[in-house]
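**Q** Please see the structure below; I have some questions.
The values are calculated or read from the model by the stated rules, or taken from the named source; none is laboratory data. Treat the numbers as computed from the prediction; the structure is a model and nothing was measured. Reconstructed Cβ throughout: ideal geometry from the backbone, glycine too, with neighbour counts over all protein chains shown.
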Amino acid sequence: MISKLVAKLQHDFPDFKFASSDTAHWSPTEQTIFYSNNLANLLHELGHAILNHKDFTQDIELLQIERDAWTKARAIAPNYAMEIDDETIEAAMDAYRDWLHDRSICPTCGQTGLQSVKNLDYYCVNCGQHWQANDARTCGLKRRKIK
């Protein structure tokens, strides 16, 4: 099923490359949509490509980028005899919300911190700790304290 959909998408979107991968994602530098066996995620990554999503600066921007890609995927789905339901989208959005929340937890006192607009590190209003978090979308989250 996935191979038939990929063939149709390659025909309909010749500006993008499609490559099988363990982790679905959009690579703007390679103009490649990496996909796994999940049809909805494939269309979601295509949504990123069509919308020309590159990267985000502030963590909170990620939620809007992801929501926009899901909206685009849902709009594209009927062209391929598919439907993406609310539960699928909300489960994916919850995963991103959880990831962003985990990044914002102070490594000293466990309270939720704020991300700095200037240098993208975090600051705890409770204990004054500053920290940075790694990307951790495909690996373990690490928070490094800044003195």
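**Q** Provide a single number: the residues in region 45-61 that are in a helix (DSSP H, G or I), modelled with pLDDT under 95 and acidic (D, E). Give the derivation first.
**A** From region 45-61, those in a helix (DSSP H, G or I) are 45-50, 59-61; that's our starting set.
If we keep only those that are modelled with pLDDT under 95 too, we end up with 59-61.
Right, trim to acidic (D, E) and you get 59, 61.
Qualifying residue count, region 45-61: 2.
**Q** Do we find that L42 is in a helix (DSSP H, G or I), in contact with a Lys or Arg (Cβ under 8 Å, 6 or more places away or on another chain) and at pLDDT 95 or above in this structure? If you could, list the steps in order and put the result at the bottom.
**A** On the way: in a helix (DSSP H, G or I): yes; in contact with a Lys or Arg (Cβ under 8 Å, 6 or more places away or on another chain): no; at pLDDT 95 or above: yes.
Answer is no for this residue.
**Q** Looking at this structure, is T57 of a type in the set (S, T, Y), surrounded by fewer than 12 Cβ atoms within 10 Å (Cβ to Cβ) and over 11 Å from the mean Cα position of the chain (by Cα)? If you could, list the steps in order and put the result at the bottom.
**A** Working: of a type in the set (S, T, Y): yes; surrounded by fewer than 12 Cβ atoms within 10 Å (Cβ to Cβ): yes; over 11 Å from the mean Cα position of the chain (by Cα): yes.
Yes.
**Q** List every residue pair whose Cβ atoms lie under 9 Å apart, where the two residues are 6 or more positions apart in sequence or sit on different chains, the first residue falls within region 64-86 and is part of a helix (DSSP H, G or I), and the second residue, located anywhere, is modelled with pLDDT under 95 and surrounded by fewer than 14 Cβ atoms within 10 Å (Cβ to Cβ).
**A** Note: pairs meeting the criteria are Q64/F56; I65/D55; I65/F56.
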